[in-house]
Amino acid sequence: MSRAYRITVKESLTRELKGSDEIATKLEVLEILPPEQMAGLLAEELKKRGFEEQEDGTLIRTDGKVTVCIEPCTGEVTVRSESGETVTLEAKRDATGYDDIGPGEKGIRERVREQIKQDLEKKAERETERLQTQATRGLEQKLEELQPELGAVINKITREALKHKAQQMGSVKEISEDEETGNLTIKVEV
Amino acid sequence: MTTTHEPPTHPPDSSGPPAVSKFEYNLLRILRFLLGHMPAEQAAPLVYSRFSPRPPCLSRTCVRLVQDTLAKGLIVHLVRAGGWRRERFLSGNQPVDGRVWDRVPLDVRRLEFGEHTLEFLLWISAEKPTETRDDWDAPPAELSAADELFFALALDALRPLPDVFPLLAAKAVFRGNPLCWLISPGDFAADEPIPPAFDRWLTGTRAAILECLQPALTQRWVRSERGKGQVGDWQQMRQQGRAELAALAAFLAAAETAARPDLTRFVLRSASAVFAGGELTPAFWTGGLQGIGPQRLADRLDTQRAALALPRQLETLQRWEQRARSVGYFDEDYQSSQLWKADWEAARGDDVAAQARRVLEQLEPLRT
């Protein structure tokens with residue numbers, strides 16, 4: 001008469017999982033002044049808004065898990081969102097064996113351990129997907145906030161550049177700015 | 001083609017039609033199909049059939065008929081595709097007017113075939129391409145201009161045979177053929193597509209072929225752009241767009257180096273035709289994409305950007321036009337610059353470039 005026995009196998013997996021997303025685009029900076037002067041105006045304005053200048057000349061600001069990097073000379077903007085977690089995943093499986101037929105205890109344990117490994121890998125994949133979704137949502141939200149901010153930056157440096165240009169053309173008699181409409185009128189005596 | 005066999009004997013030709021074997025008859029019919037003189041439905045049974053045993057060689061009559069069909073078929077194709085038109089193209093940096101046979105000297109117009117064309121005909125007539133152990137292929141570097149033209153037409157003709165086409169498109173003889181890439185780069189769609197070098201196609205016989213094919217290429221590109229709105233699969237769109245971007249960028253760069261902007265006329269005219277209907281939005285290209293697409297925003301954006309491969313080329317073409325404007329009367333490339341300016345104006349280049357810029361800007365997530 002055969003006797004059944006139950007084998008319970010538990011496994012855990014600790015892994016650092018990451019999700020990331022990134023977009024690169026370009027700011028449209030009008031060439032009112034020579035490119036290096038426009039880049040200088042852009043860099044100054046960005047610094048006022050919390051961007052830090054790096055050794056290579058790029059300006060970086062980190063807001064939570066999102067990093068915004070702007071190259072003032074080319075106007076290239078890279079926005080990168082990262083989401084990472086160290087997760088411990090656990091899985092447990094039971095199997096039944098018989099003392100007279102079928103594979104022995106060792107064989108059953110090996111088989112169940114393999115199945116558990118596959119379960120853990122699937123769980124890890126799902127977790128990675130979750131983090132990926134989190135990173136993408138973070139990026140999308142950041143872009144929504146960043147668009148009006150960068151629009152304001154571009155408007156401001158365009159106005160500044162126009163004032164500089166006007167000064168170069170002659171003597172500036174009058175400057176009037178309408179904050180609401182964004183109109184800028186400069187009267188220059190040449 | 002070399003052979004150690006005696007050519008098959010046939011009864012002496014009477015005054016009637018030339019006599020050929022059954023295999024040779026099939027081969028000649030397949031050739032006519034590949035040159036566009038027979039519908040795919042009629043040719044499909046011939047392509048899918050296996051002829052066993054494969055004859056060791058062809059009779060002289062058959063070889064003569066193949067030569068005659070190739071010579072007439074390809075010339076007729078080139079003339080119909082656009083060679084008959086009175087056009088202006090550059091020759092030695094000077095614009096030359098007229099039909100192709102008026103513009104291009106006879107020795108440049110001569111089409112010479114190598115062994116690979118006949119070998120391909122023998123292979124496709126004898127083997128069933130979907131179930132064959134004979135993995136025929138030919139090195140692209142050994143192909144003549146006429147061979148490359150023939151293989152480009154052949155691949156296009158085989159497009160309606162869905163199980164044969166991808167098998168052939170994967171062969172080096174087609175994948176390494178620049179003309180195949182200009183006709184339909186989407187056939188070589190991949191994550192990292194690598195187009196062949198286009199420099200050989202900007203001089204000599206190949207350039208003359210490209211001159212003839214300009215209207216046909218324009219039609220193909222316009223059709224392809226209009227069809228993109230029907231593409232539902234994100235990965236397909238991304239790979240097709242990447243292949244188009246790679247092909248057009250490489251071709252325009254080669255044309256600029258060879259000082260043959262006139263050979264990129266089809267790109268300008270295609271863009272002009274696409275934008276002729278008025279202001280477009282990116283949805284014209286990407287409106288058919290199904291679902292939300294890839295999980296990462298980066299991949300979605302990359303797909304959408306790739307879909308607009310053609311409008312993206314306007315920046316390069318406009319740069320040429322701006323440079324052409326600064327060329328003086330006594331400069332060496334004055335005449336060629338004038339020709340490009342004329343092409344640009346005829347295609348409403350400024351308007352098209354502005355529209356292309358606007359539609360590309362709409363895709364950018366941080367447009368200000």
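The values are calculated or read from the model by the stated rules, or taken from the named source; none is laboratory data. From a predicted model like this one, the values you see are computed outputs, not experimental measurements. All Cβ positions, even for glycine, are placed from backbone atoms using ideal geometry, and neighbour counts span all protein chains on display.
For B:ALA254, the stated conditions hold: it is over 24 Å from B:LYS228 (Cβ atoms), assigned to a helix (DSSP H, G or I), out of contact with any Gly (no Cβ under 6 Å at 6 or more places or on another chain) and of a type outside the set (Ser, Thr, Tyr).
Among the residues that make up segment B:214-228, is at least one of them assigned to a helix (DSSP H, G or I), in contact with a Leu (Cβ under 7 Å, 6 or more places away or on another chain) and not hydrophobic (A, V, I, L, M, F, W, C)? The answer is yes, given that some residue of segment B:214-228 is assigned to a helix (DSSP H, G or I), in contact with a Leu (Cβ under 7 Å, 6 or more places away or on another chain) and not hydrophobic (A, V, I, L, M, F, W, C).
Quick check: is even one residue across segment A:88-105 within 11 Å of chain B (Cβ to nearest Cβ) and either within 30 Å of A:SER20 (Cα to Cα) or modelled with pLDDT of 90 or more (or both)? Among the residues of segment A:88-105, not one is within 11 Å of chain B (Cβ to nearest Cβ) and either within 30 Å of A:SER20 (Cα to Cα) or modelled with pLDDT of 90 or more (or both), which makes the answer no. Among the residues of segment B:312-368, none is identified as within 14 Å of chain A (Cβ to nearest Cβ) and closer than 21 Å to B:GLY92 by Cα.
For segment B:325-342, the tally of residues that are free of Cβ contacts under 8 Å to residues at least 60 places away in the same chain and surrounded by 20 or more Cβ atoms within 10 Å (Cβ to Cβ) stands at 1. Of the residues making up segment A:11-21, one or more are hydrophobic (A, V, I, L, M, F, W, C) and either under 28 Å from A:ARG126 (Cβ atoms) or surrounded by 12 or more Cβ atoms within 10 Å (Cβ to Cβ) (or both). For segment A:9-48, the set of residues classified as among the β-branched types (Val, Ile, Thr), touching a helix residue (DSSP H, G or I) at 6+ places or on another chain (Cβ under 6 Å) and more than 14 Å from every other protein chain (Cβ to nearest Cβ) consists of A:VAL9, A:ILE32, listed by residue number.
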